[in-house]
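Before any comments, here is the structure.
The values are calculated or read from the model by the stated rules, or taken from the named source; none is laboratory data. Just so we're clear, the structure is a prediction, and the values are computed from it rather than from any experiment. In this analysis, Cβ positions are derived from the backbone assuming ideal geometry, glycine residues included, and neighbour counts consider all displayed protein chains. Accessible surface is based on the protein model in full, side chains and every heavy atom, while ligands, DNA and RNA are left aside. Shrake-Rupley method; radii C 1.70, N 1.55, O 1.52, S 1.80 Å.
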Amino acid sequence: MADRVTVIGWDGSPLTAAARAALGAATLVAGAAHHLALPELPGTAERIRLGSLALAARRIAAHRGSAVVLADGDPGFFGVVRTLRAPEFGLEVEVVPAVSSVAAAFARAGMPWDDAHVVVAHRRTLRRAVNVCRAHTKVAVLTSPGAGPAELGLLLEGVHRTFVVCEELGTEREQVSVLTSDKAPDHTWRDPNVVIVIGGPVGGGEGGGWIAGRDPAAGPRGWVQSDEAYGGGLGEGETQLLRAAQLAHLGPRVGDLVWDIGCGSGAFATEAARAGAAVIAVDRDPRACARTDAAARNFGIQLQIVHGTAPHVLENLPEPDVVRVGGGGAAVVSAVADRRPQRIVTHAATRDAAELIGRDLTEHGYRVECALTQSVELDTRAWTETERNVVFLLTGELPRREAPR
């Protein structure tokens, strides 16, 4: 086992005295190519070019002597420290931090970042990182080869965003570019880079916020709001209690993409977005699209609204994690199930319609639950019934082995 392991963050600034001392005593140094070219490295030290962090950690663990690992920015922030501290390697790690690449990127842009979400994009997480960019007004994306600005721009098709692309921060080749997301695929970008993704109104509240990222307490309390909050006149599939049940069954969360097909007033779409998910709201009625846009603006959230008739309009939409089918019946539910979202919720007015939908979901491999739900509104001044709503609530869930990427 290495006698000592020091992880040194590097942001392009001159190394600190502590970092120089650790390097001077090192018998093994690991880092990227530009780290291994630093003049402070001792000529006699073994050098490892970082590729697989787990492989490098094993070599460090087997080394007898003092090891140093060089990393860009703050190595404890989505960096190598987590891998090196994994129990299987048994390493005791000392850290000399530097300014994180995210902090440096926002500094170059001259922007505050306590209200930003920070995500890591690689091939496995790119889709979820893009969904966060769809849903939130300020996101910093730590990219990787194959999951960089070009790929982000391609997957954000139909959603306007501004990109601030910071390439090779801290080096002599550092460059900062500002462009719209649709132009990013037209360029070749150098690694490593950080992309700041901006879209919609950026909050600059007086005195700042109290929590990093999106304030979970923003907006009115409650997962669902009253029908009156959306202007009243909601359809039978949009009542407050049914929306609450649908929201509970789908459980939309940050990184998810939700389809709301037959969005009507926009009530469900708005509430799914308030939970932190990205939402695409679909309706064939332009008046419903307009109401949904007004609801989103009223609650200060971002939605992508698609005017068109399902199932045909769904063909070119990005892959969903969970879907609410508010209109279109069995044919639309079947088309949605072909796309394999993890969960689907819908409703039916009759038992025969519910059975038809349930059988189709079962044939698609979904585990189906159905409940007859009844809600009765009372006028509390006289405690008399004012409205009654009865529907069959259906939920389809894929087995875990088929859960989305």
**Message:** Looking only at region 258-273, how many residues end up being closer than 26 Å to K138 by Cβ, touching a residue at least 60 places away in the same chain (Cβ under 8 Å) and more than 21 Å from the chain's Cα centre (by Cα)?
**Reply:** 1
**Message:** Condition first: in contact with a helix residue (DSSP H, G or I) (Cβ under 9 Å, 6 or more places away or on another chain) and over 22 Å from G235 (Cα atoms). Now tell me which residues in region 360-395 satisfy that.
**Reply:** D360, L361, E363, H364, G365, Y366, R367, V368, E369
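When the residues of region 354-372 are filtered to those that are outside any loop (DSSP other than H, G, I, E, B) and open to solvent by less than 40 Å² (accessible area, probe 1.4 Å), which remaining residue is farthest from L398 (Cα to Cα)? Reasoning before the result, please.
Taking region 354-372 and keeping what is outside any loop (DSSP other than H, G, I, E, B), we get 354-363, 367-372.
In the following step, the residues that additionally are open to solvent by less than 40 Å² (accessible area, probe 1.4 Å) were identified as 354, 357-358, 360-361.
Values: A354: 18, I357: 15, G358: 13, D360: 13, L361: 10 Å.
Across region 354-372, the extreme among qualifying residues is A354.
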**Message:** If I ask for residues that are surrounded by fewer than 16 Cβ atoms within 10 Å (Cβ to Cβ) and of a type in the set (A, V, I, L, M, F, W, C), which ones from region 4-38 would you list?
**Reply:** A17, A18, A21, A25, A33, A37, L38
**Prompt:** Being in contact with a Pro (Cβ under 9 Å, 6 or more places away or on another chain) and surrounded by 18 or more Cβ atoms within 10 Å (Cβ to Cβ), is that true of even one residue in region 106-115?
**Reply:** yes
**Request:** With respect to R134, determine if the residue is in contact with a strand residue (DSSP E or B) (Cβ under 6 Å, 6 or more places away or on another chain), in a helix (DSSP H, G or I) and surrounded by fewer than 17 Cβ atoms within 10 Å (Cβ to Cβ).
**Result:** no
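Can you say whether G276 is in a helix (DSSP H, G or I), in contact (Cβ under 8 Å) with a residue 24 or more places away in the chain and either in contact with a strand residue (DSSP E or B) (Cβ under 9 Å, 6 or more places away or on another chain) or within 29 Å of V139 (Cα to Cα) (or both), as far as the supplied structure shows?
Numbers: in a helix (DSSP H, G or I): no; in contact (Cβ under 8 Å) with a residue 24 or more places away in the chain: yes; either in contact with a strand residue (DSSP E or B) (Cβ under 9 Å, 6 or more places away or on another chain) or within 29 Å of V139 (Cα to Cα) (or both): yes.
It is false that G276 is in a helix (DSSP H, G or I), in contact (Cβ under 8 Å) with a residue 24 or more places away in the chain and either in contact with a strand residue (DSSP E or B) (Cβ under 9 Å, 6 or more places away or on another chain) or within 29 Å of V139 (Cα to Cα) (or both).
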**Asked** Within the bounds of region 163-178, is there any residue that is touching a helix residue (DSSP H, G or I) at 6+ places or on another chain (Cβ under 6 Å) and under 26 Å from A273 (Cα atoms)?
**Response** yes
**Message:** Can you find, within region 1-41, the residue that is nearest to V68 (Cα to Cα) among those that are in contact with a Pro (Cβ under 7 Å, 6 or more places away or on another chain) and in contact (Cβ under 8 Å) with a residue 60 or more places away in the chain?
**Reply:** V7
**Asked** Yes or no: V345 within 29 Å of D227 (Cβ to Cβ), open to solvent by less than 40 Å² (accessible area, probe 1.4 Å), of a type in the set (V, I, T) and not in a strand (DSSP E or B)?
**Response** no
**Message:** Can you tell me which of (1) open to solvent by less than 50 Å² (accessible area, probe 1.4 Å); (2) under 22 Å from P252 (Cα atoms) is the one E319 doesn't meet?
**Reply:** (1)
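Which residue out of A248, A229 is among the aliphatic types (A, V, I, L, M) and at pLDDT 95 or above? Spell out how you get there, then give the answer.
Working: A229 fails: at pLDDT 95 or above.
None of the others qualify; the one that does is A248.
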**Request:** Considering only residues that are free of Cβ contacts under 8 Å to residues at least 60 places away in the same chain and open to solvent by less than 30 Å² (accessible area, probe 1.4 Å), look in region 80-99 and name the one that is farthest from G276 (Cα to Cα).
**Result:** F89
**Message:** Suppose we keep only residues that are acidic (D, E) and not in a strand (DSSP E or B) within region 165-202. Which one would you say is nearest to K138 (Cα to Cα)?
**Reply:** D182
**Prompt:** For the subset of region 302-316 comprising residues that are farther than 18 Å from R127 by Cα and assigned to a loop (DSSP other than H, G, I, E, B), which member is most open to solvent (accessible area, probe 1.4 Å)?
**Reply:** T309
**Asked** Residues of region 279-301 being touching a residue at least 12 places away in the same chain (Cβ under 8 Å), surrounded by fewer than 19 Cβ atoms within 10 Å (Cβ to Cβ) and not in a helix (DSSP H, G or I), which ones?
**Response** R284, G300
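Within region 61-78, does at least one residue satisfy the condition of being at positive phi and surrounded by 20 or more Cβ atoms within 10 Å (Cβ to Cβ)?
yes
Counting only residues that are of a type in the set (D, E, K, R) and in contact with a strand residue (DSSP E or B) (Cβ under 9 Å, 6 or more places away or on another chain), which one in region 361-390 is farthest from V325 (Cα to Cα)?
Going through the qualifying residues, I end up with D379.
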**Item:** Residue count, region 42-57 (criterion: without any contact (Cβ under 8 Å) to a residue 24 or more places away in the chain, of a type in the set (A, V, I, L, M, F, W, C) and open to solvent by less than 30 Å² (accessible area, probe 1.4 Å))
**Value:** 2
